[in-house]
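Encoded as structure tokens, the structure appears first; notes follow it.
The values are calculated or read from the model by the stated rules, or taken from the named source; none is laboratory data. In this text the structure is predicted, and so the values were computed from the model without any measurement. Cβ placement follows ideal geometry from the backbone for every residue including glycine, while neighbour counts extend to all protein chains displayed. All accessible areas refer to the heavy atoms of the entire protein, side chains included, with ligands and DNA or RNA removed. Shrake-Rupley method; radii C 1.70, N 1.55, O 1.52, S 1.80 Å.
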Amino acid sequence: MGSLAVTGEEMLQMSFDDFQKQTTLMTNCTLLWKELSDHFTTLEQDLKKKSEAIQEKIQSLANETKETLDVLTEREVTIEGNVKIEIGKVEKRKEAALFAFENEDTQVFDDGVVDLLGKLKSFCVKMDFRGFWKFVIVRKKELDVLRVQIPLALSDCIDPAKFVLEAISEVFPVDKRQVKSDEKTIDLGWACVLLLESLIPVVADPVFGNTRPMVTPTMKKKAQKIADVWKESLDQRGGIENVKTPDVHTFLQHLVTFGIVSKEDGIFYRKLVLSSAWRKQMPKLAVSLGLGDNMPDMIEELISKGQQVDAVHFTYEVGLVDKFPPVPLLKAYLNDSKKAATSLMEDPNNGKAAHLAGRKEQSALRAVIRCIEEYKLDAEFPAESLKKRLEQLEKTKVEKKKPVVVPANKRTRANNNGGPMPPAKAGRLTNAAYVSSFPASTTTYIRSPTHVPYPAGVPTYTYDNRATGPAMYGSRSPPCVRDPYGYSPEHSSPVMMTSPFTGPALSYPAYGGYSNGVPVYQQTYYR
């Protein structure tokens, strides 16, 4: 077959189609090139940034290494000088101790702050840690004065570190006091913390301060052994969840004071701090324990547990106010407290709900007001309305304690049906052990659970603290005798005084069916 002739028009069309294909290919190649070029440019920029970051880290590490080497060099240079200083102090303290023993009979102390310091120094100079401990633990009311005077007194000890460890050894790391099974041991954690805090400036390095306590290796080893004993006995105390806060505080302060904090125990320290986060000193202790980097997570955990006020204190300690604004946290805490109070009021089986709800709201208000004043947040969160609310609650509480004025009715004479009545002059009898029918109870009557609860967290009603019985003595009613044993209307009927009248003693029903039991409330944990 012969080939068909191709016309000019068909050749032109074929050329145009081929041109279109070439154009499309060039366009795709251009786009691909641009994409690859951008990709490599991005990789180059990323590599450059990473390289710069690495260089900065290298420079930073080099600077830190240089600073550390300088510090180590300075430490090594200053150790000899500091040792000479300490030896000189020990010699002076030794001479003072010998002088004190020689003139022991001539020492006379008067009452007052000056002589308080003299007494403390007398114990320290003689290294009488037992006498010192007994002297301090009975003066908790003078805590502010002791906080100033004890460091001055400890400066006269030949070995202040040993003195403090021996002084607190009765209760730390294990309480060695012998008490009967029916007796309650007095918490002396405050005294342990006081002595450990007072020791810090005494053993501080003259050059490096508190970061390097001047404690002998023997005492440091003994302090570490004490810390190990406390940790080993933790299970006997009920674990971290049940250990007492004063014990936790004493242990952590012990670690910081003697500089025996271990990085490996960071998780353990964190659990202890969070378990007692409401303590005022805990934020500073947390930083001293090396938990500064963990603070954001710790603050978030406190917030999730409803401890917003504690979270605010931790926030200010580490400077995370921008990340955790305090005002929203305080408002959230108040809202949570109101919800908790409302839930208490809605319990129909709790006759003490109103009182408990009121105490909870007062505690929350005081804590928030203290935060506002301490951190000067009045501009963002005025405390006036909170203070007025607190005054209202306190006023309601006071009104509950006001006595009821019993109207003077005509005296009812005794009869055979009503039982014997004391004579009109009974109120002036001095030899008769009269028990008043209107006891002046020191307790507050609690709202009956059968009543419909108020919608507010705190009741607006008030009850008097005196049982209003029938007025039967007229204007010459015998004076009320305050019952020292906390008279309760639920107890048996009052016994009347011996009188010439005969017949059964009068008995009165309990006041309105209300219980007069006094609940025991846990003290608020806020500072």
Segment 331-346 and segment 289-312 have their Cα centres apart by a whole-number Å value of 22
Sequence order, segment 121-130: Karplus ³J(HN,Hα) from phi using 6.51 cos²θ - 1.76 cosθ + 1.60, θ = phi - 60°, Hz rounded, Gly and Pro as x, gives 5, 4, 5, 5, 4, 7, 6, 8, 5, 5
Whole-percent carbon and sulfur contribution to the accessible surface of segment 239-383 (1.4 Å, no ligands, DNA or RNA) stands at 49
For segment 318-397, the per residue accessible area (1.4 Å probe, Å²) is 55
Quick calc, segment 289-373, dipole around Cα centre from Cβ unit charges on Lys, Arg (+) and Asp, Glu (-), nearest 20 debye, gives 480
Rounded to one decimal in nm, the spacing of the 7 Å Cα→Cβ label points at V71 and W33 is 5.8
Trypsin sites (Lys or Arg not before Pro) in segment 233-270 lying in a DSSP loop, each with at most 16 other Cβ atoms within 10 Å of its Cβ, come to K244
Residue-ordered couplings for segment 67-72, obtained by feeding phi - 60° into the Karplus form 6.51 cos²θ - 1.76 cosθ + 1.60 and rounding to whole Hz (Gly and Pro as x), are 5, 5, 5, 5, 5, 4
Yeah, segment 295-398 with a ≥ b ≥ c from its alpha-carbon gyration tensor (a/c under 1.5 is rounded, else prolate when a/b outruns b/c, oblate otherwise) is oblate
Each label sits 7 Å from Cα toward the beta-carbon; between S51 and K387 the label points are separated, in nm, by 6.4
In this structure, among K280/K376; K225/K263; K162/K284; K141/K176; K140/K360; K162/K225, pairs with alpha-carbon gaps over 21 Å are K162/K284; K141/K176; K140/K360
Classified through the alpha carbon gyration tensor (a ≥ b ≥ c as square roots of its eigenvalues; rounded if a/c is under 1.5, else prolate when a/b is larger than b/c, else oblate), segment 154-299 comes out oblate
Scalar couplings 3J(HN,Hα) for segment 289-296 by Karplus 6.51 cos²θ - 1.76 cosθ + 1.60 (θ = phi - 60°), nearest whole Hz, x for Gly and Pro, are 7, x, 9, x, 6, 8, 4, x
For A204, the residues 5 or more places away or on another chain with a placed amide H closer than 5 Å to its own amide H are M214
